[in-house]
1. Can you name the residue in the range 22-55 that is assigned to a loop (DSSP other than H, G, I, E, B) and either touching a Leu at 6+ places or on another chain (Cβ under 6 Å) or at pLDDT 95 or above (or both) and is also surrounded by the most Cβ atoms within 10 Å (Cβ to Cβ) among such residues?
2. Which of the numbered conditions does GLY243 fail, given that it passes all the others? Conditions: (1) of a type outside the set (Ser, Thr, Tyr); (2) open to solvent by 30 Å² or more (accessible area, probe 1.4 Å); (3) closer than 23 Å to VAL62 by Cβ; (4) in a loop (DSSP other than H, G, I, E, B).
3. With the requirement that a residue be among the hydrophobic types (A, V, I, L, M, F, W, C) and either assigned to a strand (DSSP E or B) or buried (at least 23 other Cβ atoms within 10 Å of the Cβ) (or both), what does the range 147-167 give you?
4. Residues in the range 288-333 that are in contact (Cβ under 8 Å) with a residue 60 or more places away in the chain and assigned to a helix (DSSP H, G or I): how many?
5. Looking only at the range 86-93, decide whether some residue is under 19 Å from PRO177 (Cα atoms), free of Cβ contacts under 8 Å to residues at least 12 places away in the same chain and not in a helix (DSSP H, G or I).
6. Restricting attention to the range 334-358, which residues are in contact (Cβ under 8 Å) with a residue 60 or more places away in the chain and in contact with a Pro (Cβ under 8 Å, 6 or more places away or on another chain)?
7. One residue is enough: does the range 222-232 have a residue meeting the conditions of a type outside the set (Ser, Thr, Tyr) and closer than 25 Å to ILE258 by Cβ?
8. Against the conditions (1) open to solvent by less than 50 Å² (accessible area, probe 1.4 Å); (2) in a loop (DSSP other than H, G, I, E, B); (3) of a type outside the set (Gly, Ala, Ser), where does THR351 fall short? Just the number, please.
Amino acid sequence: MSPLLHRVRKAAVTGIDGRARPWEIGVDDFFAPDRQLRELSARLLGGRPTDYAIVPSVSYAVETAIANFDIPEGSQIIVLDEQFPANIYPWRAAAAKNSAELVTVYRPEDDDWAAAVERKLSRRTAVVSIPCVHWTTGARIDLERLSRSIRSVGARFFADATQGAGVLDLNVSRIDPDFLATACYKYMLGPYGMCLMYASPEFQERGRVIEHGWLNRDNSHRFDRLTEYSDTYRPGALRFDQGERADGIKLLMTIEAILQLLEWGRPLVETHCRKLCRHAMDRADVLKIGHPERERTSSVMLGLDLPDGYPSDIADRLRESKIIINLRGPRIRFSVHAHNNEADVDRFFETVARILGR
């Protein structure tokens, strides 16, 4: 979870102040912010503004995909070992409901997750649901390569971009997923409870929604005619919007976060983060702390393999030194963004060395 930028906090206050005076909220306030957010999403992640739905979470996006995918009895759903649970639990339920098989791909020795997934693909494969960066190891996963392989066996493709969207070079036009989702509270620098979901054109005209709200109907802007109930949705992926998506607080926060990323320039942020991760790997090698193969690592995160017998309270001891990390099994998840620098990396490894007695 990223810290909030000053401008994002200011946007939250602006949204709260507006909500405190509901008599000043007009009809356009229900629609203008989401139009701007979709436009910014397309600038950051590719595609068209109407390719994006506003949903609360990745698990909501997964459920939307499940509602639209054909998962025959005896077919297979492919996921990765140790990927984030929001992209596991819905597929477990879907497999059980459809008498399908959930196939787990385990970590390959060379950290080439794309090749490992490809070895599992077959004509039985109905769905592949994977992240852009592995959640515990930090290994980058080549979604563009995998998309072509998945299409070659006639399977559906769900991509979770949460572990890199905002910093990594991810473009829906090149990845070509059926659905792609990114929570906004991580590298997007936005609020918790906000998620952007891309839906491919195939599902934008006749896709099945998982909740039947009113803001995604074609007449929702006519408050004087809302009781003239409509079965027609707003264009594109807007049919998939969550109920009450016109949250003036979270929308404004997410808009400001993406504006800042675009003003900095995503490639510049990625270059900065990549340098920090490379420096971290150099420091880890000196301490003989394992990490993914260098050519497989992402630019934003590393899973650092702790040695046998490491102190069980290492995360607490790091926190005492004002170094905030998370453990993922026997690994430290080391994550960086624009606000970090080499001095942060050095202080982290100096503290780890002291705790490990190295």
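The values are calculated or read from the model by the stated rules, or taken from the named source; none is laboratory data. Source: prediction; values computed, not measured. FYI the Cβ positions are ideal-geometry reconstructions off the backbone, even for glycines, and counts take in every protein chain you see. In case anyone asks, the SASA skips ligands and DNA or RNA and just uses the protein heavy atoms, side chains included. Shrake-Rupley method; radii C 1.70, N 1.55, O 1.52, S 1.80 Å.
1. Looking at the filtered set, the residue picked out is GLY47.
2. It is condition (2) that GLY243 fails.
3. Start the filter on the range 147-167 by keeping residues that are among the hydrophobic types (A, V, I, L, M, F, W, C), which leaves 150, 153, 155, 157-159, 161, 165, 167.
ILE150, PHE157, PHE158, ALA159, ALA161, ALA165, VAL167, listed by residue number.
4. 1
5. The first filter runs over the range 86-93 and keeps only residues under 19 Å from PRO177 (Cα atoms), leaving 86-88, 90-91.
With the extra rule that they be free of Cβ contacts under 8 Å to residues at least 12 places away in the same chain, the set shrinks to 88.
Checking which are not in a helix (DSSP H, G or I) leaves us with 88.
Scanning the range 86-93 turns up at least one residue that is under 19 Å from PRO177 (Cα atoms), free of Cβ contacts under 8 Å to residues at least 12 places away in the same chain and not in a helix (DSSP H, G or I).
6. Of everything in the range 334-358, those that are in contact (Cβ under 8 Å) with a residue 60 or more places away in the chain and in contact with a Pro (Cβ under 8 Å, 6 or more places away or on another chain) turn out to be HIS339, LEU356.
7. Within the range 222-232, not a single residue is of a type outside the set (Ser, Thr, Tyr) and closer than 25 Å to ILE258 by Cβ.
8. (2)
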